[in-house]
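The values are calculated or read from the model by the stated rules, or taken from the named source; none is laboratory data. Values in this document were obtained by computation on a predicted structure and should not be read as measured data. Neighbour counts are summed over all protein chains in view; Cβ atoms, including those assigned to glycine, are modelled from backbone coordinates with ideal geometry.
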Amino acid sequence: MYTPVPIAVVEALRERIRCLEGRARHRRAVLPFGVKAIDERLPEGGLALGALHEVAGGGNGAIDGAAAALFAAGVAARTRGRVLWCVTRQDLFAPALASAGLAPDRVIYVEAGDEKSVLACFEEGLRHGGSHGGLHGGFGAVVAEVARLSMTASRRLQLAAEGSGAIGIAIRRFPAPSPRLPSGRLRPSEPVIGPAKGRTRWTGYGEGQGEGAFPQTQIRDSDSRRRPLTRNLREERANSDLSPQAGRGEGQPTAAVTRWRVSALPSHPLPVPGIGRPRWRLELVRCRGGESACFEVEACDAQGRLALPSDLVHGSGQKAIGQRRTAR
Amino acid sequence: MVLAADAAAQRAGLNAGMPVTKAQILVPGLIVRNADLQADAAALDRLALWMLQRYAPIVASDPPDGVVIDTTGVAHLHGGEEAMVTAMVERLAASCFTARAALADSWDAAHAFARYAAKSFADKSVTVVPPGESAKAVLSLPIAALRLPRDMVADLRVLGFERIGELADKPRAPLTLRFGPELGRCLDQAMGRASQPIDPVRSGDLIEVRRNFAEPIAAAETIARYTGKLVIKLCEALEAKGQGAKRLDLLFHLVDNRIEAIRIGTALPVRDAKRLTRLFCDKIETIDPGFGIEIMRLAATLAEPLPPKQTNFSLAGEAEADISGLIDTLANRVGHRQLYRFAPVASDVPERSIRRIAPMAADAGATWPDQWPRPARLLPIPEPIETVALLPDQPPVVFIWRGIRRRVNRADGPERVFGEWWKHDAELRAVRDYFQVEDDTGERFWIYRAGNGEDGTTGSHRWFLHGIFG
């Protein structure tokens, strides 16, 4: 019969595993979000400092990475020290980062030109970061915009971050799809998947062991308008025996401690014409030592803090996806 | 004899090589002075030294009137070959030197192009020959472009040779019999088959340490080890003088008479042996040791005073972050221009409201005004969109961007941005009306209409998409 294991035994086992893992981290420093719903889903109650995290955009945000950049800016704004931001080509608009709390004096940009250099600069920045040798120095956060992040590269970055204590954020931006014909029509080879009602379609490929794949496309519907795919799915499925995202490197596992996806949602409704505080769907796709979750949050304010939308906090009828319903 | 003539002299009719008496006849009241060739040569050496500090580690003076620079591996730091050479000529022109420059595969070819190509290329002062093509291109130059004695050139002309290409075809043995081995050697050097080593200019002021090897070394670890030892010696020499180095050159003299060089630069003067060794070792793979290295020379090309400083060891406060080491490493890897910070500029036009400043510049403490929202990504060139909108100040109801039709759910605006008439005349009445729009899926965009909706002179009244909000 099944006998419940006493809690003390489980704790002792956990302690042994922690010692076996080496690098005795008794209590890792964390950067909490300040939102109870998110912090309680993360192990140790916040974003681990001295670790690598990944952020990607959802839907069209996977290409332009605007929401992901603001999310990363909000996180970096709440760290101490300077921020190093590595890109291949510069298209950030600095006033937007300043309105997310990241003052322009704090950020140093590196325009590296190609992926290899970006990863090299990312690693250099992480090595010089955080509580380096006991003194606070170097960079508090290092952000890099990469398209491909292999397992070996992410492991090196994770080791560099652990050595120094800086937080590393990799913004995944995927290359734009092939251009459309000027008349706005689809190219004849692109298949179109039928509409899904207002939410992300998870294909299920590349998902396993609790790690979710980035979806191939975000399909929205209203009045039967069809949004074409960004890749020719049928061809890829035929060509690759792995997940179709393997061609773009989306679903591949990395050594990042957490993996997030940020998609844009309609903003806070105002009683007057105008756009209120923007809202995001923040999905914790993968978390080491925790489970995936999905949150609907309001975007960063001037100090870089997120917030839960007020009508959700007070329990209006909208059901949060994947989140345990809290009693009102 | 007149040695050289500038533009004003040439307009008066004087040319180089003209006898002085003829010149005195052409220009009445001409003041005649003897040429001081040694002072000229000394000035040329000083110019070569100046260029050594700015552009490349291997620079030599090419008497009587030229400077030769070996730019292997430094072109990318200055923005490309063409940009670098043009910048050099412009910088010399700013110091009142009229210069002609050429970039080619070998010293002799570059010498030939600099002096003789301008006459065939419509008076361009900069010639950049694509890599690998200088051997072919040199064939069409006159034989005076080879560095031969004047009487040999005259004799060749008498024999009927005008272009280098004609000489290159002929069998070598009869020419050597008649003119000696020098002709063959010059031809080979011009075509790139033989190489002439450049002896870099040295100066007594520069701090330099060197090391000779009894047995030539070639392995990367050995080079790294000896680099470390040389850097320690150099830092001691710098400390004795109270200076820090901002630019260092490590020159390798190879067994086969070539010279390879590594150059590193730092943002602030530095005397730290470990940091400099690390910067050098990053770049050791870029050189080719060939058959072996005989001599290693390390020179501090640009040194500035670096007095000793007291560091703050207080236990209570945080020490000031010292990231200049990391900035130097990154700058040496990707180039100094690719590392920057943004600073606000007081301008309404969004693409002009930011400017780049050096990463180690002092904190300005200024930031942008935040009453209007700004997009996280700004397109470098605004893209035209098709819209349906009610004039004069309504946001569009529907717009099509990159082939996708979106319906606007909510919008904010207009934010009116006036053109900067004090900068450009064309912007005297130009107006942009910016709107922040959100479509029904939640994506937010920043679009604008070029014009105020009523007056046709304020803009074309076309709509553009300028940025994407997060």
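Worth a mention:
- Complete set of residues in segment B:55-87 that are of a type in the set (D, E, K, R), within 16 Å of B:S106 (Cα to Cα) and either in contact (Cβ under 8 Å) with a residue 60 or more places away in the chain or assigned to a loop (DSSP other than H, G, I, E, B) (or both): B:D70
- Residue satisfying all of: in segment A:283-296; more than 12 Å from chain B (Cβ to nearest Cβ) and not in a loop (DSSP other than H, G, I, E, B); surrounded by the fewest Cβ atoms within 10 Å (Cβ to Cβ) among these: A:C294
- Scoring A:E54 on the criteria (1) more than 8 Å from chain B (Cβ to nearest Cβ); (2) out of contact with any helix residue (DSSP H, G or I) (no Cβ under 7 Å at 6 or more places or on another chain); (3) more than 22 Å from A:L31 (Cβ to Cβ) leaves a single failure, condition (3).
- Among (1) away from chain A (no Cβ under 14 Å); (2) at pLDDT 90 or above; (3) surrounded by fewer than 15 Cβ atoms within 10 Å (Cβ to Cβ), the one test that B:F464 misses: (3)
- Yes/no for B:L159 being crowded, with 17+ Cβ neighbours inside 10 Å and either among the hydrophobic types (A, V, I, L, M, F, W, C) or closer than 15 Å to B:Y116 by Cα (or both): no
- Selected residue (only one of B:A117, B:A190, B:A110 is buried (at least 19 other Cβ atoms within 10 Å of the Cβ), at pLDDT 85 or above and among the hydrophobic types (A, V, I, L, M, F, W, C)): B:A110
- Conditions (1) assigned by TED's automatic domain parsing to the domain that holds B:G459; (2) small (G, A, S); (3) modelled with pLDDT under 90; number of the one not met by B:A411: (3)
- Scanning segment A:75-113 for residues that are more than 10 Å from chain B (Cβ to nearest Cβ) and assigned to a helix (DSSP H, G or I) gives A:V75, A:A76, A:A77.
- You will find that of B:L44, B:L92, B:L77, B:L30, the residue that is at pLDDT below 85, aliphatic (A, V, I, L, M), farther than 30 Å from B:E285 by Cβ and not assigned by TED's automatic domain parsing to the domain that holds B:E285 is B:L30 and no other.
- Verdict on A:L70 being buried (at least 23 other Cβ atoms within 10 Å of the Cβ), touching a residue at least 24 places away in the same chain (Cβ under 8 Å), within 10 Å of another protein chain (Cβ to nearest Cβ) and under 16 Å from the mean Cα position of the chain (by Cα): yes
- For segment B:236-285, a residue qualifies if it is among the acidic types (D, E) and touching a strand residue (DSSP E or B) at 6+ places or on another chain (Cβ under 7 Å), and the qualifying residues are B:D249, B:E260.
- Residues within segment B:449-461 that are outside any helix (DSSP H, G or I) and either within 14 Å of chain A (Cβ to nearest Cβ) or among the polar types (S, T, N, Q) (or both), tallied: 2
- Top-ranked residue in segment A:114-128 [being crowded, with 24+ Cβ neighbours inside 10 Å and more than 7 Å from chain B (Cβ to nearest Cβ); ranked as farthest from B:F469 (Cα to Cα)]: A:L126
- Scanning segment B:374-429 for residues that are outside any strand (DSSP E or B), more than 9 Å from chain A (Cβ to nearest Cβ) and hydrophobic (A, V, I, L, M, F, W, C) gives B:L390, B:L391, B:W421, B:W422, B:A426, B:L428.
- Any hit, segment B:431-449, residues being closer than 28 Å to A:P266 by Cα, modelled with pLDDT under 90 and either surrounded by fewer than 16 Cβ atoms within 10 Å (Cβ to Cβ) or of a type in the set (G, A, S) (or both): yes
- Residue tally, condition hydrophobic (A, V, I, L, M, F, W, C), within 7 Å of chain A (Cβ to nearest Cβ) and under 21 Å from the mean Cα position of the chain (by Cα), over segment B:323-360: 3
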